[in-house]
Amino acid sequence: MSPSICWLCNLFRDGTNGITSKMCLEEVLQWSQSFEKLMATKHGRIIYKSYLKTEYSDENMEFWLACENFRKIASQKKRISVAQKLFQDYIQPQAPREINIDSPTREAIITNIQQPTPSCFDEAQKIVYWHMERDSYPRFLGSEIYQNLIRGLTARRREPSVHIKEKE
């Protein structure tokens, strides 16, 4: 594994500290059943986003999550502000975190953000979800990150519980 993702290895290596101490093997194995199951869990989204960073495509997950939050904004004033920020960060050509969407979708967003509704980014969000599901998700399932996570959780399951030893 490349040195550039050593921080990620450390995150998963220590099962007593960090995110892996809060996960169970069954949850992690369910992620391989469908992309939807991966995205339905908090830990799945965190681990998958970490993987996307290794592919330099974490802007997809960031945009998808931002759209989820955008949909919940009640205030029109705040919605306008956030819509402009999403456009500047992800949608406009040469945006710092530009996502891969087609021109008609981009043009529709340009029109829609003048008076944004909670659903004005839905089409772009669907496209990004589809890209993640079709492109990155299959590679994630075969990645060292996912396979090491399964191995670590399997090994932890076989170890006697530390809490039982302390009580004896």
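When the residues of region 1-40 are filtered to those that are outside any loop (DSSP other than H, G, I, E, B), within 28 Å of residue 134 (Cβ to Cβ) and among the polar types (S, T, N, Q), the one that is modelled with the lowest pLDDT is 4. A search for C-beta distances below 9 Å between a residue of region 125-153 that is polar (S, T, N, Q) and any residue that is outside any helix (DSSP H, G or I), counting only pairs 6+ apart in sequence or on different chains, returns 125/71; 136/55; 136/57; 148/1.
Taking region 23-40 on its own, how many of its residues are hydroxyl-bearing (Ser, Thr, Tyr) and surrounded by 14 or more Cβ atoms within 10 Å (Cβ to Cβ)? Walk me through it before giving the result.
We begin by selecting, within region 23-40, every residue hydroxyl-bearing (Ser, Thr, Tyr); these are 32, 34.
Adding the requirement that they be surrounded by 14 or more Cβ atoms within 10 Å (Cβ to Cβ) leaves 32.
So the answer is 1.
Only a single item in (1) touching a Phe, Trp or Tyr at 6+ places or on another chain (Cβ under 6 Å); (2) touching a residue at least 40 places away in the same chain (Cβ under 8 Å) is not met by residue 113, and it is number (2). Every condition in (1) of a type in the set (Lys, Arg); (2) in contact with a helix residue (DSSP H, G or I) (Cβ under 7 Å, 6 or more places away or on another chain); (3) loosely packed, with under 15 Cβ neighbours inside 10 Å is met by residue 106 except one, and the failing one is (3). Within region 44-59, being surrounded by 15 or more Cβ atoms within 10 Å (Cβ to Cβ) and aromatic (Phe, Trp, Tyr) holds for 48, 51.
For region 98-120, the set of residues classified as outside any loop (DSSP other than H, G, I, E, B) and charged (D, E, K, R) consists of 106, 107, listed by residue number.
Quick grid of which residues meet (1) modelled with pLDDT under 95; (2) surrounded by fewer than 19 Cβ atoms within 10 Å (Cβ to Cβ):
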position: 42; (1), (2): yes, yes
position: 67; (1), (2): no, no
position: 73; (1), (2): no, yes
position: 86; (1), (2): no, no
position: 99; (1), (2): no, no
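The values are calculated or read from the model by the stated rules, or taken from the named source; none is laboratory data. Remember, predicted model here, so these are calculated numbers, not experimental data. Don't worry about glycine lacking a Cβ; one is built from the backbone with ideal geometry, like all the others, and counts go over all protein chains shown.
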